[in-house]
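Note sheet for the following structure.
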Amino acid sequence: MKNSITKISLFILTGLIIFGCNTTKRVPINKRLLDKNDIFIDGKKDNTEDIFNQLYQKQNTSILGYHLRLNIYNLAKPKSDSLFKAKMIKNPKRYYWKAKWLSRKQVKRLGESFFYSGVDNFLRKTGEAPVLLDTLSTRKSLRRLKSYYFNRGYFDVTTKYKIDSIDSKRVRLKYVVKTNTPYVLDSIDSYITSAPLDSIYQLRKRNSFLKTGKRYETADFDNERSRITEDFRNNGAFRFQQNYVAFELDTITKTHKANVDLIIENESIRVDDSVKKAPFELYKISKVNIFTDHSATEPNAKINDSTTYKDFTLYSVNKLKYRPKAITDGVFVVKGNYFSDNKTTLTSRYLSNLKVFNYPLIQYVEDKNQKNALIANVYLTPRKKNTFGFSTDFTHSNIQDFGISGSTFLAIRNVFNGAETFDIGFRGNIGSSKDLANPNNNFFNISEIGIDANLNFPRLFLPFKTDRIIPKTMIPYTKMSIGYAKQTNIGLDKQNFTSSLSYNWTPKKGENFKFDLFNIQFVKNLNPTNYFNIYKSSYRTINDIAKNYTINPDYLDDSGNLKIESGVLGFANDALTDPSLGVTPADTKSILSIVERRVRLTENNLIFASSLSFSKTSQRDLFDNEFYAFKAKLESAGNMLSLLARAAKQLKNQNGSNTIFDVEFSQYIKSEFEFIKHWDLKRKKVLASKAFFGIAIPYGNSNSIPFSRSYFAGGSNDNRAWQSYSLGPGGSNSILDFNEANMKLMLSTELRFNIFQKLNGAVFADAGNIWNVLDNTTFEPSIFRNLKSLENMALGTGYGLRYDFNFFILRLDMGFKTYNPSLSEDKWFKEMRFDKSVLNIGINYPF
C-alpha cells in the first residue's frame, strides 16, 4: 500500500512537471514567445549585464536552461475566479443552496479562497508570465542601445534588429550594433567668470576626470560636475549649485576629436521681478549657535540659559546640562573658517555617534551685519535620559540540552554632563541537562546569573592630549567595561570576571582602529573535585567501562564502583597509558571524551591581554556587491603580570609556573589576518571569497594557549562539511568533543545566485584546518612542521538555500566531506555521501 501511494505520487508529480514544461502553453493565438535575446557588438556576441539591461524586453529567466518560473506560472488555471462564477451560473440551484447555507457575500469570498483560486494566484505570483514579442519595445531597446554607446563616445553608432523564428510560437531577437570609431577628448579649456571660483578650480584641476586623449564618457562629465561643485562648496561657495557647471563640445573642426569648454557663469540673483548676474563670493562663518535641547514640536520655546565657550554660544530652554567642551569638540563648523559641506557632514556624524542626541539639524543663515558671512545654527534634540529594556532567548549547547536566557539593561545618557553613556545589564539563564545530577527530578537543573556594565566616553580617556596623533575628526571614543558571572548549579562554583579598557577611532570612512589597553578574563572553579558528583552520566559511563577490565582495587569503593575523583582519574590514566590493560578503541574514545570534557569545564584561566585591531572595507552600503574587507589583529598577553610576578618574587607552583590569585596566568602572542572579497557578476550573481590566517604562540609562563583563545574548525561559518570542533587538528583522527589548536588557515569561496524572488541559492567550497605549533603538543599528526603539512588541508563542498526576510537572511547549507585528511587512505570523495554530510542552519551570510 505504501509503495502504491509513492508510485501514484511520483506519477502525478511527473505529470505536472511535463504538463508545465510546455513553455508556449499560455501564449495567445497570433502571439509569439520571446525565447532569447542576442546582442552582437561589432560582430561579436556580447550579453554582459550592463548591455543586456538596456533591453526593454528580456526573455523569461531560467536555471541551467530550465524555465522554472515560467513553468510554475503555466501550472495555474487562467481566470480561476471566473471559472467559479461560471460554475455557479451553470448550476443556480447549487448557488442558492450555498447562499442560503452561508450567504451571498461568503459564497463570493469562497470563490476567492485558496481552495478555488488561491492556489492558482499563488502559482501566478510565484511564477513568471511568458514574455511575448513586442516590436515597439524592440525599437525602444534599439534607441537605448544607441544612447548607451553614444554616452561612451561612439557618436556614429548604428543599430538594427532581426527576428528569427524558431517555430510558430517562439522567436529569437538579434540586435546588431556597429560602434564605429569613438571620439576622444582633445583640448580642455575653462571659462569661469567669478575670480574666487576660478582660483579654486585652477588649484585642483589636476584631479579632473577629463583628460586629453581619453575617450569621451558622459559619466566623466557628470563626475567632473560633482567634483567641481564639491570643491567649491567645501571652500566657501555657499550659494553655488551644480547646475551652474556647463560643458560645450566642439566636434566639427577635428575628426573623432572633441574640444571641451568648461563654462561657469556668474550667480543669478533675483531682485524683485528681475534677475541680475553677480560674481560668486566665498562665505565665512561669523557665529556658531548650538541649541542643546531643541524640540521640533516647540521650535520657538523661550531660551532661559546660555553660555559662551571658545567662539561657540550654547543655548538651552531649561538649565544647561552639558559641559560645553563635550559638545563643541564635535562641532567642526568653526568661526572664521570658510563654509564647508564636509565640515557640516562630519559634525552631524560626530554628534550622532555620541548617542545622546537624535540626528542633529544644522542650518545656515546669512549674517545681516557682516558681508559674505554665515551664522551656523546647530539644533540638538536630546534622547531620553534613561532607557530600559529586556530580552529573552532560547539556547542550546554541548552541555545544555535546553535553556531559557533573559537579560535586562538600563542605559543612562550624559552621566557626568560630558555626553558620556553608561549601561548596566543583568542576565540570567536556566536550563536542562541530562548530564547533571538531578536528585529532585527537576526539568531545569542549570542556572547562571551575571552582570555587565559599560561606560563610554566620547574622547580618548587619557592623562595627556592626543589631538595631534588622533584628531577629533577621527571621532575617537573610549569604552570601559566590567562583568561578573557565577554558576553554582553544576557544583563547581564557577566564577567568571571580565574587564577591559579600549580606545576606538576612525581615520577615514571605512577604516577603524581599536586598541585594548587591557582585556582581562579571570575564570576559576572553586570546587573542581565535585565534577563527577554532578555529571552523573559521565561517571556512570566510565564506571560501566571499568567493570569490563581488571583494575587496581584501590580505585574501587566498598560497593565495587569507582571512587569519585581519585578512582575515576586513576582508572582513566591507566586505560590511556597502559596497553596491558587491553582497553578497546571504542572504550578509549569514550574515556578520552569524558576526560577532555572534564578538563575543559574545570580549567582555571587568567588572561591579561593587550591588542591592536585594524579593519578596512570598501563597501559603500548593504547593497554594494563589489567590495573588499580586511581585518588584522595583534594581541599580547601575560607580559605585565610576568613583570609583577618577578617584582613580587611570586613563588612558582608545582608546574614551575607563576601564579596570580593562585591561578596560572597565560602568556602568549597572537596575530590574525582576514581578507574578504566580493565580485558582482551581475544578474544577481555574486562570487564571494574569504581567507583567514591566525596563530597564537605560547611562551614564558605558558606552554599552551587557553581554550577561549584557541582556534577550532567546522561549523556554519567555517568549513561547513564538518561540525563545530570536529575537524583537525591536522591529519589526526581526533575523537575528542573539543578539537582545538593554536594555528588556523581557512579559505572559502561561494557563488551566490537568485532562484526566484527572495529565494537564493549558493554553491561553495571550504578548505582549511587547524594545527598545533610551538606548544606542548607531541602528537605528530596534529603538528604543523612545514609547507608539507598543508596536505592536511580539509576540503568541504556543498550547496545551500537562503531566504531573504529583508532584515535578516535565513541560511541552509549542506556540506560534503570532499577531502578528509584524517582518513588513512582514499581521502578524496570517500565520504562525499548524504549519510556523511552536515546540515548547517545559520543567520545571514557566512562572510
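The values are calculated or read from the model by the stated rules, or taken from the named source; none is laboratory data. Small disclaimer: the values here were computed from a predicted structure and weren't measured. With ideal geometry, Cβ positions are generated from the backbone for all residues, glycine too; neighbour counts draw on all protein chains shown.
Structure above, values below:
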quantity	calculated
Complete set of residues in the stretch 263-297 that are of a type in the set (Asp, Glu), within 49 Å of the chain's Cα centre (by Cα) and in a loop (DSSP other than H, G, I, E, B)	GLU265, GLU281, ASP293
ASP261 vs. criteria modelled with pLDDT of 95 or more, at negative phi and surrounded by 12 or more Cβ atoms within 10 Å (Cβ to Cβ)	yes
Candidates ILE269, ILE228, filtered to the one that is surrounded by 13 or more Cβ atoms within 10 Å (Cβ to Cβ) and of a type in the set (A, V, I, L, M, F, W, C)	ILE228
Matching option when the condition is under 25 Å from ASP329 (Cα atoms) and either among the hydrophobic types (A, V, I, L, M, F, W, C) or not assigned by TED's automatic domain parsing to the domain that holds ILE327 (or both), among ILE263, ILE303	ILE303
Lone unmet requirement of (1) over 19 Å from ASN417 (Cβ atoms); (2) basic (Lys, Arg); (3) under 41 Å from the mean Cα position of the chain (by Cα) for LYS321	(1)
Candidates THR617, THR602, filtered to the one that is in contact with a Gly (Cβ under 6 Å, 6 or more places away or on another chain) and either crowded, with 17+ Cβ neighbours inside 10 Å or touching a residue at least 40 places away in the same chain (Cβ under 8 Å) (or both)	THR617
Any hit, the stretch 468-480, residues being among the hydroxyl-bearing types (Ser, Thr, Tyr) and assigned to a helix (DSSP H, G or I)	yes
Any chance SER306 is in contact with a Ser or Thr (Cβ under 9 Å, 6 or more places away or on another chain) and either part of a strand (DSSP E or B) or under 28 Å from LYS509 (Cα atoms) (or both)	yes
Every residue from the stretch 800-830 that is surrounded by fewer than 18 Cβ atoms within 10 Å (Cβ to Cβ) and in contact with a strand residue (DSSP E or B) (Cβ under 7 Å, 6 or more places away or on another chain)	LEU801, TYR803, ASP804, PHE808, ILE809, LEU810, LEU812, MET814, TRP828, PHE829
Residue match in the stretch 319-331 (condition: touching an Asp or Glu at 6+ places or on another chain (Cβ under 9 Å), assigned by TED's automatic domain parsing to the domain that holds ILE362 and of a type in the set (Lys, Arg))	yes
Test result for SER611, modelled with pLDDT of 75 or more, part of a strand (DSSP E or B) and surrounded by 16 or more Cβ atoms within 10 Å (Cβ to Cβ)	yes
Output for the stretch 333-373, where each listed residue is of a type in the set (Phe, Trp, Tyr) and surrounded by 20 or more Cβ atoms within 10 Å (Cβ to Cβ)	PHE339, TYR350, PHE357
Every pair of residues 6+ apart whose Cβ atoms lie under 6 Å, when the first sits in the stretch 521-539 and is surrounded by 19 or more Cβ atoms within 10 Å (Cβ to Cβ) while the second is of a type in the set (Ser, Thr, Tyr)	GLN521/THR498; ASN525/THR602; TYR531/THR602; PHE532/TYR539
Test: residue in the stretch 330-343 that is hydroxyl-bearing (Ser, Thr, Tyr), in a strand (DSSP E or B) and under 13 Å from VAL288 (Cβ atoms)	no
Members of the stretch 151-181 that are free of Cβ contacts under 8 Å to residues at least 40 places away in the same chain and among the aromatic types (Phe, Trp, Tyr)	TYR154, TYR161
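For every residue, the table says whether it meets (1) modelled with pLDDT under 95; (2) of a type in the set (D, E, K, R); (3) not assigned by TED's automatic domain parsing to the domain that holds VAL131.
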{"residue": "ILE192", "(1), (2), (3)": "no, no, yes"}
{"residue": "ILE200", "(1), (2), (3)": "no, no, yes"}
{"residue": "ASP220", "(1), (2), (3)": "no, yes, yes"}
{"residue": "THR229", "(1), (2), (3)": "no, no, yes"}
{"residue": "GLY236", "(1), (2), (3)": "no, no, yes"}
{"residue": "THR255", "(1), (2), (3)": "yes, no, yes"}
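Okay, residues lined up against (1) surrounded by fewer than 16 Cβ atoms within 10 Å (Cβ to Cβ); (2) under 25 Å from the mean Cα position of the chain (by Cα); (3) at pLDDT below 95:
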residue: GLY731; (1), (2), (3): no, no, yes
residue: LEU736; (1), (2), (3): no, no, yes
residue: ALA741; (1), (2), (3): no, no, yes
residue: ASN760; (1), (2), (3): no, yes, yes
residue: PHE764; (1), (2), (3): no, yes, no
residue: ASN772; (1), (2), (3): no, no, yes
residue: ASN776; (1), (2), (3): yes, no, yes
residue: GLU780; (1), (2), (3): yes, no, yes
